[in-house]
Amino acid sequence: MWPVAYLLIRACIGWLQFMERSNRAFVNSTLVLAAAGAAHCCLIVYALFLTVHNRAMRYDGYHEGYVDHLPPLVAWSETLAVASFWVWLLAGLATAAVRVVDVDSENLPSGVEDTKISAVNKIMGSPVLRRALGLAQSLSCAVLFIDVLLLCITMAMMEGGISTCEFCTFLIAVVFAIPHAALALGHLHPSVNKSLEAMFPQGMIESAAAEAAAMAPQLCVVLGVADAPGHAYFWQKLVYSCTAVAIVAAVIVSALSPGKNTGAALPPEASQSFSCIWVSVSAAICIILSYPDMNQWSTWVGTALVCGFGMFGYPLWKDEALDWLEPIFTVRSDSYKRLPNHQRQMVRSASWIMGVLCAITGLWDIILHPPTAQTLNIHNDALSAVVSHNLILRWKPSAAVHDANDTLAVIASAMNIPVDHLEVEAEMPEHRLLIFHAMPGKLKEVTLSDLRLNWSQLAHDPKSRSKLAGIVDTSFPALISARTCNTVNRRDKGETVEDDSDKKGSLKTEDAREAYKAACKWWSESIQKYNEAFSKEVSEIRIKKTKFLAQWQAGTNPTEPDLQLSLANLMNRSSETVRIEKTLAAERIAIFETADGLPKSKMELGQAWILSLADTTEVKAKFAENNLDHGFPRFIQLNQCVKWLAQEEPAAKENEDEETKLKRERSRAMHAACKWWVDQLPAQETQLPAEGTQAAETSGEKKTTV
């Protein structure tokens, strides 16, 4: 929720800048840029985490263990970013408290007591404390900016192909982090600042940082969230790429030709203010739309109230904001301190336009193509076992466990959830194992991940004198994971591997390893059943986007009943199971399907049609008897049709041989069949998706392994 709050607050500050542009402006100083840059940097870190997790899920699929694909540097960077942010925030609050004390001390004393300085005031006014707070803020800012660069490097090194959104996020994040890291490092020590001043012209780093901070954080969020659906059309990629290039170019030209002197307080152009406000609000909307837990009426009402109060209630909060921002939001400087440069302004204007267009494109994509998970409409134990979070209880040898449901009631009581929220998956008395899972549809207040963590803690450290403490073997792992299963298998092969159980559970005894191997075997078999169900589901998805074709011979003019009977004879089926959907007389094409239109029947019809197309003399003679052309293509798929229609039909050539002419005629006939089919469908279904995004239709052979 905090990214949304940040974006809305930033939009309100942008509105404040626009409304007060004739009187006030933020001062252009390295300290302000570095301190504000830390807040911007947190949003970029958030966007980079989105991008890294999206890459891992695209490469390894979304499942409980997909985070194992993340490099170790990701977790380390996350910890570093959180710690740096809190240091920056606490140091900033302490600095604000010191400023309040300073303001109070400026009042004239009214008595002898007022001339005494308390111990707290002495500490707050200590130069050592102020230098320490300044150093803490500068160091935390530098670490945050360096953390952005580390995440960018991590994203570049991860396995799997990089998408256009990822590459654009990478470019924008890097061009933001470099000047801000230089500013923060310059405040750590005077010698570093002198070295930077000697290396770069005056105002170069400040101008680049200010330009990058204007729109880069919001665009990183838009690109990171827009990448979640896993697809992008060519024109979207073009918009995203042009936006990234425009932002990079604007930062570079601003560095080469600063727009204002260091220390000047000049407001941004009106067009820049409106562009930044639009991109900020759009990024907030993108985040809300992408998370079902946030996409609630209460969130939308709160967002609308903040935006409405920020714009229409401006007179009510203006004075408080001006008082709070007074040290950095000062009386504006004269306009002569603005340094004109026509080429720079053209590039910057182009970046603002592309930023707005990128935000509109991202919103369009998320609204029309929400990033929902691909789910299968299959309800069986095998699928439930795979997609649910598998939990294990191994009871003690001395425990009297006779009924799995009674044990499940003990577990539910210890976890403080209703017993009907849990379900037994498997029971293995010979290994003293009970495998169960939480039912996702019934969980309201906790997530499955939280439930797994809760069970892991309870299984290893149950409350004393509880029923669970009397039956659970606390030395055994509480979860089934692919990593631990692989560890057990490798140990069986004689490899020396580290015990890789869950947090406290161990598999040091032969009895424990055999029990866990049994759980892994059950899980592996469940996954195999799931793969079979998944392949069947994918086949049904593909068959829905397939049409069956036949072409009658030239010189014949069969009726639809004649065609229906001929096709049924070829496939050894009853003519009542085949229905002619469309005939194209000019191309001599019949498009047919099953009479009932069910996917299962269509799959059976497709198998029968394939078997009837063997390239033998007997089959060819049978086609000839039924006045059908054996050599004509028998199937068309929707994605092939869209590609064919995007190409021009082959034109007739002089002196072409019979084979070339036959191919051209068949291609023309296929174009006609495709055009008829595509014209029957909505436009959304006939748009050609980006390369690599037809996973649901082409991954039927993909297998999940343990």
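The values are calculated or read from the model by the stated rules, or taken from the named source; none is laboratory data. Every value quoted in this text rests on a predicted model; they were computed, and no experiment measured them. Cβ placement follows ideal geometry from the backbone for every residue including glycine, while neighbour counts extend to all protein chains displayed. Protein only, heavy atoms only, side chains kept; ligands, DNA and RNA dropped before computing areas. Shrake-Rupley method; radii C 1.70, N 1.55, O 1.52, S 1.80 Å.
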* Could we say that residue 254 is within 20 Å of residue 26 (Cα to Cα), open to solvent by less than 30 Å² (accessible area, probe 1.4 Å) and not hydrophobic (A, V, I, L, M, F, W, C) here? -> yes
* Qualifying residue in region 287-307 (condition: in contact with a Ser or Thr (Cβ under 8 Å, 6 or more places away or on another chain) and surrounded by 14 or more Cβ atoms within 10 Å (Cβ to Cβ)) -> yes
* Neighbours by Cβ (under 6 Å, 6+ apart or cross-chain): first from region 473-490, of a type in the set (Lys, Arg); second assigned to a loop (DSSP other than H, G, I, E, B) -> 483/500; 490/497
* Structure fact -> Considering region 559-595, residues that are part of a loop (DSSP other than H, G, I, E, B) and either among the hydrophobic types (A, V, I, L, M, F, W, C) or closer than 20 Å to residue 619 by Cα (or both), and then whichever is least open to solvent (accessible area, probe 1.4 Å), we arrive at 571
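Of the residues that make up region 114-123, is at least one within 30 Å of residue 484 (Cα to Cα), modelled with pLDDT under 65 and not polar (S, T, N, Q)?
No, region 114-123 has no match at all.
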* To do: Restricting attention to region 205-241, report how many residues are modelled with pLDDT of 85 or more, open to solvent by 30 Å² or more (accessible area, probe 1.4 Å) and either within 26 Å of residue 39 (Cβ to Cβ) or assigned to a loop (DSSP other than H, G, I, E, B) (or both).
  => 1
* Structure fact -> Scanning region 388-426 residue by residue, the ones that are out of contact with any His (no Cβ under 9 Å at 6 or more places or on another chain), open to solvent by 30 Å² or more (accessible area, probe 1.4 Å) and not β-branched (Val, Ile, Thr) total 15
* Could you give every pair whose Cβ atoms fall below 9 Å, whose first residue belongs to region 298-318 and is small (Gly, Ala, Ser), and whose second residue is exposed (fewer than 14 other Cβ atoms within 10 Å of the Cβ), counting only separations of at least 6 or pairs across chains? -> 310/317
* Would you check if there is a residue in region 483-499 being open to solvent by 40 Å² or more (accessible area, probe 1.4 Å), at pLDDT below 70, within 29 Å of residue 401 (Cβ to Cβ) and in a helix (DSSP H, G or I)? => yes
* Identify all residues within region 1-26 that are in a helix (DSSP H, G or I), open to solvent by less than 40 Å² (accessible area, probe 1.4 Å) and closer than 19 Å to residue 331 by Cβ; write none if there are none. => 16, 18
* Out of the residues in region 88-113 that are open to solvent by 70 Å² or more (accessible area, probe 1.4 Å) and modelled with pLDDT of 70 or more, state the one that is nearest to residue 46 (Cα to Cα). => 90
* Which is touching a His at 6+ places or on another chain (Cβ under 9 Å) and over 30 Å from residue 307 (Cα atoms), of 193, 261? -> 193
* Asked: If residue 615 satisfies every condition in (1) part of a helix (DSSP H, G or I); (2) at pLDDT below 80 but one, which is the exception?
  -> (1)
* region 392-415: number of residues that are hydrophobic (A, V, I, L, M, F, W, C), closer than 20 Å to residue 438 by Cβ and not in a helix (DSSP H, G or I) -> 3
* Asked: Among the residues of region 305-356, which ones are among the β-branched types (Val, Ile, Thr), closer than 20 Å to residue 266 by Cα and part of a helix (DSSP H, G or I)?
  -> 347
* To do: For region 164-182, indicate whether the set of residues that are out of contact with any Leu (no Cβ under 9 Å at 6 or more places or on another chain), among the aliphatic types (A, V, I, L, M) and closer than 25 Å to residue 268 by Cα is non-empty.
  => yes
* Determine if region 427-442 includes at least one residue that is of a type in the set (D, E, K, R), modelled with pLDDT under 85, under 31 Å from the mean Cα position of the chain (by Cα) and surrounded by fewer than 16 Cβ atoms within 10 Å (Cβ to Cβ). => yes
* Structure fact -> If we keep only residues of region 242-267 that are assigned to a loop (DSSP other than H, G, I, E, B) and out of contact with any Lys or Arg (no Cβ under 8 Å at 6 or more places or on another chain), then the residue nearest to residue 354 (Cα to Cα) is 258
* Structure fact -> Within region 462-482, the count of residues that are exposed (fewer than 14 other Cβ atoms within 10 Å of the Cβ) and at pLDDT 80 or above comes to 0
* To do: Give just the number: which of (1) surrounded by fewer than 16 Cβ atoms within 10 Å (Cβ to Cβ); (2) within 14 Å of residue 545 (Cα to Cα) does residue 642 not satisfy?
  => (1)
